Each structure stands twice: as structure tokens, then as C-alpha cells.
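Written out below as C-alpha cells is the structure these notes cover.
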Amino acid sequence: MFGPTPATDVYIEASGSDRVIGDILEHGRAGGRMSLVAVHYQPVPTNYVAVLMKQFTIRGSFEYPPRFEDALELLDRRDLSALVTHTLPLEEFGLGLDLLEGSKDCGKVMITMNTDR
């Protein structure tokens, strides 16, 4: 009914870009879910017909657990660089996903951005 859609069931919108919400609703699969964790300071135009027809679930999420500051302090005290097993440029993002999916020995895959621009 909606044509080809991605196999993705769940989206996490953390960019804060209004356009991303629209793209997810337009191209997401029927029965999909989206969790909004980014703060949008202005109203976001939303196609509620797509939400209804696709039976798409949208949920907002905003929480800082009581121990959030403890977690930040722990990160500050510990060198966690050993958890990073691979560092790849943005152009090899797909390879990073393949590494995560295909290896039980893969830790964190760090994607770096070209900062020359």
C-alpha cells in the first residue's frame, strides 16, 4: 500500500531537525515506531494522515535519571578508549554497521567526521 519501505522498525530522532520527523513518517514502514529525544523548540508540521494510515507510534522521551551525574563523573575518571575497537571515517559508516552486526568481538565503532571543511 505504501510502496517499498525500509526494514527499520524503530527510529530514534535525536537530531532536532524538523525535516527528519517528516522523512521518518513519510518513508517509515507501517507499524513503525519513533522515539523523540531531541528538543524541538518550534511546532513541527506533521502529516497525521500518514501516522493514522501506517498505525505509526510516536513517543516522546526526556529523562535524566537521579544518578546521571554519577555516570558523567565515572566517564571523566576512567579511560574508556580500550572499548573502541574500530575507528572509521564517515564514508565507511556502512562497514561500521557490518562490523557491529557480524562480530562478537567488536566493541565500540567510532565514526569520525572530516573536519577539514
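Just so you know, all these numbers are worked out from the coordinates, no wet-lab data involved. These numbers come from a predicted model, not from an experiment. Here Cβ is always computed from backbone atoms with ideal geometry, including for glycine, and neighbour counts include all displayed protein chains.
If you wrap segment 72-117 in the convex hull of its Cα atoms and look at it from every side, the mean projected area works out to 4.4 nm². When only Cα pairs below 8 angstrom with a gap of at least 6 residues are kept, the chain shows a relative contact order of 19 percent. Per residue of the chain, the DSSP helices (runs of n ≥ 4 H) give a summed -39500 (n - 2.57) that works out to -9000 deg cm²/dmol at 222 nm. How much net charge surrounds Leu95 when only other residues with a Cβ under 15 Å from its Cβ are counted (Lys, Arg +1; Asp, Glu -1)? Result for the neighbourhood of Leu95: -3.
Could you tally the net charge around Val44, taking each other residue with its Cβ under 14 Å from the Cβ of Val44, Lys/Arg +1 and Asp/Glu -1? Numbers along the way, then the final one.
Details: positive: Arg19; negative: Glu13, Asp18, Asp23, Glu26.
Net of charged neighbours comes to -3.
Determine, from the Cβ-Cβ distance of Ala7 and Ala38 and an R0 of 22 Å, the FRET efficiency 1/(1 + (r/R0)^6), rounded to the nearest 0.05. The value I calculate is 0.40. With all pairs of different C-alpha atoms in the average, the Kirkwood value for the hydrodynamic radius of segment 10-60 is 10.9 Å. In a fully extended conformation the segment linking Met53 and Ala14 would gain 11.6 nm over its present Cα-Cα distance, using 0.36 nm per residue. Please give the FRET efficiency for Glu73 paired with Asp105, using the beta carbon to beta carbon distance and R0 = 25 Å, rounded to the nearest 0.05. E(calc), rounded to 0.05, equals 0.25. Normalised by 2.2 N^0.38 Å, where N counts its residues, the alpha-carbon radius of gyration of the chain equals 1.34. If one computes the Cα centroid of segment 15-29 and of segment 50-90, what distance in Å separates the two points? So the separation of the two Cα centres works out to 19 Å.
log₁₀ I(q)/I(0) of segment 24-91 at q = 0.14, 0.21, 0.27, 0.28 Å⁻¹, via Debye over equal Cα point scatterers, no solvent, to two decimals? Taking Cα atoms of segment 24-91 as identical point scatterers yields -0.77, -0.92, -1.16, -1.20.
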